[in-house]
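Quick notes on the structure that follows.
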Amino acid sequence: MKFEMKNKKDLRNKILELTKEYFDNHHSVSEFKPGEDYIPYAGRVYDFNEGKNLVDSALEFWLTTGRYAKEFELKFAKLLGVRSSMLTNSGSSANLLAMSSLTSDKLGEKQVKRGDEVIAVAAGFPTTVNPIYQNNLVPVYCDIDLKTHNICIDELEKAKSKKTKAIFLAHTLGNPFDLDSIMEFAEQNDLWVIEDNCDALGSTWNGKLTGTFGHLSTQSFYPPHHLTMGEGGVVSTSKPKLKKIVESFRDWGRDCWCESGQDNSCGKRFDWNLGNLPHGYDHKYMYSHIGYNLKATDMQAAVGLAQLDKLSRFIDQRRKNHQKYYDAFKMFEDFFFLPEKNPKAKPSWFGFIITLRENTPFSRNSLVRYLENKKIATRMLFGGNLTYQPAYKNLNHRVVSKLENTNYVMNNSFWIGVYPGITSQMQDYTLEIFEKFIKKYK
Ligand SMILES: Cc1ncc(COP(=O)(O)O)c(C=O)c1O
């Protein structure tokens, strides 16, 4: 059989036209039916533009990190206001890369070494603290504040020891932790700061974006997050040395910094002296770190690029949805603590967190079950007290206090969605269901 060679551009346009038709018909949002449709806690919000980029990159078939990834990194860094953003395949990988980068001997005196301590909280997502263990470091857990769900600043001094080398914290559910106090403490004690900004893209502290205060910060682009590319993440820094180290850990531990598909960008590929290798050994195969391969694909980056255009709308919507719940929940204040923020913080919320007051006549679990039965998704504050999780039982960590608030939150808090896919009808229905539940106890 003989195939007619068709014009590339025409074929591409035809495929994209069909893709648009498919998206318009099968990816459009249908009208919400209260009590029938599930209200998710978070999810993807997208249109044909994401589909177009995805198909385009698939047709291009570069597959690995390429021009879309480069463009995403540059745009993201500019948006955040940092020198460099390095794309990786998840937020968890971003956290692993950020922590691992501080163990590089290229940092000289500032290298974080086996057995050194990192200040953290136990109320959070596992992969914020896992990289501490994975690098043979010791987390030192501080308690959290009951209303902001962020670290209790007055525990920092208690956490400090001769071995303290870094602070690694997430902005809980988008609510910035006290960056003035953390950065001041870090400066006074010569500590590294990593901001896990995975749940907080767009949040500000004193008008400046979170993720720009620490030496390193991380993002996740898993579907519930402020932007998505399915799986994906970013490590950001304004320190050129850290950029190079992060890239090395991400890209097999290599010393070479050529883009994928490129050779000899240093101009002396066969003229390096490193380790005990023979002079002139190919720089492409020289390794300065025990690295990973945590690169993302160009298809992921292509989707992320289309999402970037929607970011400011997404952030506004998250704030509006949060505010609506906050205002409405004042009627339930006898039962719940509502989330509070520092006056300097303007969160780009990940969720609306509710904490039962002491002696409420119902339990958190009974309320959560009721909501889930009514098709309203709920989530706990991730791992509760991570030190109570089976995976952490026998690991080496220090705990500064009894973590009373962490435990209180583990037993009494949960959150509901404010992501941009939550409509005002969904919020009205959710509030109605809360009212029905609470009425029984008034
Ligand atoms: C605060 C925080 N850090 C890190 C992660 C991990 O991100 P990912 O799921 O992309 O690995 C998450 C989870 O989604 C998270 O909520």
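The values are calculated or read from the model by the stated rules, or taken from the named source; none is laboratory data. Note that the structure is predicted; figures quoted are calculated from it, not measured. As a convention, Cβ positions derive from the backbone with ideal geometry for all residues, glycine included, and neighbour counts pool all protein chains shown. In case anyone asks, the SASA skips ligands and DNA or RNA and just uses the protein heavy atoms, side chains included. Shrake-Rupley method; radii C 1.70, N 1.55, O 1.52, S 1.80 Å.
Could you check the range 317-344 and list, in sequence order, the residues that are under 18 Å from the mean Cα position of the chain (by Cα) and more than 16 Å from the ligand (Cβ to nearest atom)?
Answer for the range 317-344, where residues must be under 18 Å from the mean Cα position of the chain (by Cα) and more than 16 Å from the ligand (Cβ to nearest atom): just Arg319.
Would you pick out the residues in the range 321-352 that are within 20 Å of Tyr38 (Cβ to Cβ) and assigned to a strand (DSSP E or B)?
Gly351, Phe352
Can you pull out the residues in the range 75-102 that are assigned to a helix (DSSP H, G or I), within 12 Å of the ligand (Cβ to nearest atom) and surrounded by fewer than 24 Cβ atoms within 10 Å (Cβ to Cβ)?
Ser92, the sole residue that qualifies.
Keeping to the range 25-55, report how many residues are of a type in the set (A, V, I, L, M, F, W, C) and surrounded by 19 or more Cβ atoms within 10 Å (Cβ to Cβ). Reasoning before the result, please.
Going residue by residue through the range 25-55, those that are of a type in the set (A, V, I, L, M, F, W, C) are 29, 32, 39, 42, 45, 48, 54-55.
Applying the additional criterion that residues be surrounded by 19 or more Cβ atoms within 10 Å (Cβ to Cβ) yields 39, 42, 45, 54-55.
Going through the range 25-55 one residue at a time, the tally reaches 5.
Looking at (1) more than 23 Å from the chain's Cα centre (by Cα); (2) farther than 17 Å from Gly261 by Cβ; (3) open to solvent by less than 40 Å² (accessible area, probe 1.4 Å), which is the only condition Asp105 fails?
(3)
Quick one: count up the residues across the range 371-430 that are small (Gly, Ala, Ser) and over 19 Å from the mean Cα position of the chain (by Cα).
Of the residues in the range 371-430, the ones small (Gly, Ala, Ser) are 377, 383-384, 391, 401, 413, 417, 421, 424.
Filter again for over 19 Å from the mean Cα position of the chain (by Cα), leaving 377, 391, 401, 413, 424.
Total meeting the criteria: 5.
Are any of the residues in the range 315-326 surrounded by 14 or more Cβ atoms within 10 Å (Cβ to Cβ), under 30 Å from Asn135 (Cα atoms) and among the hydrophobic types (A, V, I, L, M, F, W, C)?
Applying the first criterion (surrounded by 14 or more Cβ atoms within 10 Å (Cβ to Cβ)) to the range 315-326 yields 315, 317-322, 324-326.
If we keep only those that are under 30 Å from Asn135 (Cα atoms) as well, we get none.
No, the range 315-326 has no match at all.
Do we have any residue at all in the range 56-74 that's open to solvent by 50 Å² or more (accessible area, probe 1.4 Å) and within 14 Å of the ligand (Cβ to nearest atom)?
no
Yes/no per residue for (1) surrounded by fewer than 24 Cβ atoms within 10 Å (Cβ to Cβ); (2) within 16 Å of His171 (Cα to Cα); (3) away from the ligand (no atom under 16 Å from the Cβ):
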{"position": "Phe185", "(1), (2), (3)": "yes, no, yes"}
{"position": "Gln219", "(1), (2), (3)": "no, yes, no"}
{"position": "Gly230", "(1), (2), (3)": "yes, no, no"}
{"position": "Ser238", "(1), (2), (3)": "yes, no, yes"}
{"position": "Lys243", "(1), (2), (3)": "yes, no, yes"}
{"position": "Ser260", "(1), (2), (3)": "yes, no, yes"}
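Does Gly267 satisfy being touching a residue at least 24 places away in the same chain (Cβ under 8 Å) and not basic (Lys, Arg)? Before you say what the answer is, go through the steps one by one.
Working: touching a residue at least 24 places away in the same chain (Cβ under 8 Å): no; not basic (Lys, Arg): yes.
The answer is no for Gly267.
Quickly run through the range 336-353 and pick out the residues that are aliphatic (A, V, I, L, M) and surrounded by fewer than 24 Cβ atoms within 10 Å (Cβ to Cβ). So that I can check it myself, show each step before the final result.
Step one: filter the range 336-353 for residues aliphatic (A, V, I, L, M), giving 338, 345, 353.
The answer is Leu338, Ala345.
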